[in-house]
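A short worksheet on the structure shown next.
Every read-out reported here was derived from the displayed coordinates using simple, explicitly stated rules and does not represent laboratory data. What you see is a predicted model; the values in this text were computed from it and never measured. Note that we place each Cβ from the backbone using ideal geometry, even for glycine, and neighbour counts take in every protein chain shown.
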Amino acid sequence: MKNILLVFAHPEPKSMNGLLKSRAMEVLTQMGYQVKVRDLYALDFPIGGKADFPFYKSDFFDLQLAQAEAERSNRQPAFIKQEQEALEWADAIVFQFPLWWYSVPAILKSYFDHVFSVGFAYAGRFALEGKKYMLSFTTGAPEMAWTTERKGSMDQVLFHLDVGVFQMLRVVKLPPFVGYGSKRLSHPEREALIDSFGRHIIESFS
């Protein structure tokens, strides 16, 4: 394993998510990895839709069928193709994002919808099979709130991603990193969280 892709989904580079992304880049580079970053907000990654598949001739638009036809005819929209090429280059992918409404930001959900397409990532071809993935994200609530009785355990919160998305792709889960209550941290606590993430990266990729 030598190539790491960081998929970054936060609109503010100076946010805690931005700082964590930067620390991951720094640590992984020091460890000798080749690192690429796909900053979805900087790329203005689109929601996507029917207009992106003009070759799909049907009076009823079905995204999965359109994706399958695009894969068969090698006519994936450019914004999808370049992300798929980055994923194929990578041996492991780190997704860095804030937890919004118990899920990923809409821009990252669009990435999942379009880049993990039929015929590329599942249902025929499994281009990402065997690659590793890590979820790294921040929460608004502190760690003590994330229990089954209150907000739900992290296993419960991540079920729709780990099982509903990544299990479908046949990728290998690395331990996630959670930056609990990141907005409410003091400066020393923020620094400690960033250092903790650096150690997490080292442990996960050594």
Query raised in the report: Tell me which aspartates and glutamates have Cα within less than 18 Å of Lys183's Cα, excluding those fewer than 8 residues away on the same chain?
Result: Glu12, Glu143, Glu191, Asp195
Requested in this report: Under a cut-off of 21 Å between alpha-carbon atoms, report the lysines in cross-link reach of Lys57, not counting same-chain residues fewer than 8 places apart.
Outcome: Lys81
Query raised in the report: Quick one: which of 112-121, 10-19, 183-192, 58-67 comes out on top by average Cβ neighbours within 10 Å, and what's the full order, highest first?
Result: 112-121, 10-19, 58-67, 183-192
Query raised in the report: Once every DSSP H run of n ≥ 4 in the chain is given -39500 (n - 2.57) and the sum is divided by its residues, what mean residue ellipticity at 222 nm do you get, rounded to the nearest 500 deg cm²/dmol?
Result: -11500 deg cm²/dmol
Query - Relative contact order of the chain, defined on C-alpha pairs under 8 angstrom at six or more residues apart (%) - result: 25
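Could you please report the charge total around Phe61, scoring K, R as +1 and D, E as -1 over all other residues with beta-carbon less than 11 angstrom from its beta-carbon? Intermediate results must be reported in sequence, preceding the final value.
On the way: positive: Lys50, Lys57; negative: Asp52, Asp59, Asp62.
Taking every other residue near Phe61 into account, the sum is -1.
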Query raised in the report: Using θ = phi - 60° and the Karplus form 6.51 cos²θ - 1.76 cosθ + 1.60, what ³J(HN,Hα) does each residue of the range 165-181 get, whole Hz, x for Gly and Pro?
Result: 10, 6, 5, 4, 8, 6, 9, 9, 7, 9, x, x, 10, 10, x, 5, x
**Report entry** Ordering of 29-35, 83-89 by burial proxy (mean other Cβ atoms within 10 Å per residue, highest first)
**Finding:** 83-89, 29-35
Query - Net dipole in debye of the range 3-205 [+1 Lys, Arg Cβ; -1 Asp, Glu Cβ; about Cα centre; nearest 20] - result: 80
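Before anything else, pin down the relative contact order of the range 77-130: Cα pairs under 8 Å, at least 6 apart, normalised by residue count, whole percent.
32
From the cross-link list Lys131/Lys151; Lys21/Lys151; Lys14/Lys50, which pairs have alpha carbons spaced over 28 Å apart? Walk me through the numbers before you get to the answer.
Working: Lys131/Lys151 31 Å; Lys21/Lys151 26 Å; Lys14/Lys50 34 Å.
The answer is Lys131/Lys151; Lys14/Lys50.
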Query raised in the report: Taking every DSSP beta bridge that has both residues in the chain, what percent is antiparallel when rounded to the nearest 5?
Result: 5
